[in-house]
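The structure appears below as structure tokens.
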Amino acid sequence: MKKIFLMLALTFGLATMASAQNYAVVNSEKVFKSIEAYNDALKQLDTLAEQYQKQVDEKFEAVETLYNTYMERKSSLSAASQKANEDNILQKEQEATEFQESLFGSEGTLMKKRVELIQPIQQKVFKAIEQYAQAKGYDMIIDIAQNATMLYYSPKADKTEDIILLVK
């Protein structure tokens, strides 16, 4: 009997605490896309990525040309010459791969530029969300952008438009 009473009290207590929490949802993707500086930064990053990709493609095309030329001449080369050509091709391929990583890797030029352009905007949005939550007394703000586990939320809990107004 004590166990049943304890379970009922615990369940009631948890239900009371859960209903007492005040939360809102925000679609951060919609907020970011409403900011002109963010859209401009994305365009700039896309342009840079295209330029960098062309440079990387040129390096790999040069490796492919070296390889094709080598394969055409391979039968007429001595073993030492074959080895030297193969080593050269492998070295050029390694250089191209390292160049690609220096541009597109997690510590690459494009990522550094992304942090430089996007991070100040993110900080501004997150600060606005935090200030909004504190001013309105929200215990929690849930981001619904690209969240596959969010099964339902009440539209009246969506405060995205309020955040957009604060950020602008």
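The values are calculated or read from the model by the stated rules, or taken from the named source; none is laboratory data. Every value quoted in this text rests on a predicted model; they were computed, and no experiment measured them. Here the Cβ positions follow ideal geometry from the backbone for every residue, glycine too, while neighbour counts run over all protein chains shown. Quick note on the areas: whole protein, heavy atoms, side chains included, nothing else; ligands and nucleic acids left out. Shrake-Rupley method; radii C 1.70, N 1.55, O 1.52, S 1.80 Å.
Any lysines with Cα under 22 Å of the K124 Cα? List them, leaving off those in the same chain fewer than 8 positions away.
K30, K33, K43, K112, K113, K136, K159, K168
Given 0.36 nm per residue, what is the gain on full extension from Q53 to L66 after removing their alpha carbon distance, in nm?
Fully extending the segment from Q53 to L66 adds 2.7 nm.
So what's the net charge close to N27: Lys and Arg +1, Asp and Glu -1, counting the other residues with Cβ under 12 Å from its Cβ?
Result for the neighbourhood of N27: -2.
So for the range 66-168, averaging the separation of alpha carbon pairs under 8 Å that are six or more residues apart and normalising by length, what relative contact order in percent results?
Relative contact order here is 17 percent.
Using 1/(1 + (r/R0)^6) with R0 = 35 angstrom and r between the beta carbons of Q44 and I142, what's the FRET efficiency to the nearest 0.05?
With a Förster radius of 35 Å, E is 0.70.
Fully extended, how many nm does the chain gain between E36 and F126 (0.36 nm per residue separation, minus their Cα-Cα distance)?
Stretched fully, the E36-F126 segment lengthens by 30.7 nm.
Which length gain, in nm to one decimal place, applies between Q91 and A79 when the Cα-Cα distance is subtracted from 0.36 nm times their residue separation?
Contour length minus the Cα-Cα distance gives 2.5 nm.
Please compute the per residue accessible area over the range 99-168 with all protein chains in place, 1.4 Å probe, rounded to a whole number of Å².
Ligands and nucleic acids excluded, the figure is 70 Å² per residue.
In 10 Å bins starting at 0, how do the alpha-carbon pair distances of the range 70-160 split up by percent?
13, 21, 18, 15, 11, 10, 9, 4, 0
Whole-Hz ³J(HN,Hα) for each residue in the range 155-168, computed from phi via Karplus 6.51 cos²θ - 1.76 cosθ + 1.60 with θ = phi - 60°, x for glycine and proline: what do you get?
Going residue by residue, I get x, 6, 7, 7, 10, 4, 4, 5, 5, 4, 5, 5, 6, 6 Hz, with x marking Gly and Pro.
Sort F126, F99 by accessible area with a 1.4 Å probe, largest first.
Most to least solvent-accessible, the answer reads F126, F99.
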